[in-house]
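Bear in mind these aren't lab numbers, they're just calculated from the coordinates by the rules spelled out. Worth saying up front: this structure is predicted, and the values here are computed from it rather than measured. All Cβ positions, glycine included, derive from the backbone under ideal geometry; neighbour counts span all protein chains shown.
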Amino acid sequence: MRGVLTVLALLLVGVPAFGQTFTGTYAFTGGSTAATVTPAEPVTFSAFSRNTGPGDAGLDAVAATDKFASSNYSSNSATRDLTDYVTFSISATKFSVSNISFLSQRDNQGPQNYQIAYQATPFGGSQGAITDLPSGSGTNSTSETSHSTAITTLNDLSNVIFYVYGFNANNNGGTLTFDNVSVVAAVPEPTTTLLFGGGVAALVAGRLRRRAGEESILALLMNRARFALA
């Protein structure tokens, strides 16, 4: 039996199963729009950016130290302008997303509300439509405020684009600032399974049957010997 167990151990290899969690964070230190991924994983975060057009549509950059600030949000409307957003994307062979969080702050004239949306490409599939994230809406305060949204719908992806819309500004000169935009996600990690499928399984099964047959013959001989000595 020890030999069979050794064969089984040698046949164990890694296959994907989600569980290796990582966090990608845009800290905007020194004006950088790149994300830091911790721990390092084979994923790609795009630069954090704003929609800037065309024409008067979209947002304008506003200088801010170690933060990401924009103005020109549409004013006095509880309905968002679909050109007024900041955005970033994540790509990998296969991953799932479980949380998005950020700090936001508006000035007295900035957009009072936000809405998070996403556009996902499933693993082996085609890019879907832009969709509002459930529970992904809230209000921006004139003091820096933390927002966090748990996500259960973004699984088995190869790409996802996030959009954060701001709307209902007091006037379009108002500013909305973001900091520490973070995403918690997971990529596959190794688990164990048998390699080579049915062929190896048949080999191991045959080995077990032969061993079982040998043990049966040995038991029969021992029984006969006991009868002969009785």
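Suppose each label sits 7 Å from its Cα in the direction of the beta carbon; what would the ASP156-GLN20 distance come out to in nanometres? Simple spin-label model gives 2.0 nm for this pair.
Scanning residues 5 or more positions from VAL181 or on other chains, those with amide H under 5 Å from its amide H are TYR26, LEU103, with H placed 1.01 Å from N in the peptide plane.
Looking at the calculated P(r) for the stretch 15-191, what percent of the C-alpha pair distances fall above 21 Å? The partial results should precede the final answer.
Numbers: 7310 of 15576 pairs.
Beyond 21 Å sits 47 percent of the P(r) for the stretch 15-191.
The ellipsoid that matches the Cα gyration tensor of the stretch 95-135 has semi-axes, each √(5λ) in whole angstrom, of 28, 12, 7, with the longest given first. For PRO188, neighbours were defined as the other residues whose beta-carbon sits under 13 Å from its Cβ, and their charges (Lys and Arg +1, Asp and Glu -1) total -2.
Taking amide H atoms as placed 1.01 Å from N in the peptide plane, the amide H of GLY138 lies under 5 Å from those of TYR114, each 5 or more residues away in sequence or on another chain. Taking every alpha-carbon pair in the stretch 132-186 and binning the separations at 10 Å intervals from zero gives 15, 50, 26, 8, 0 percent.
Averaging over all projection directions, the Cα-based convex hull of the stretch 29-71 occupies 3.8 nm² in the image plane.
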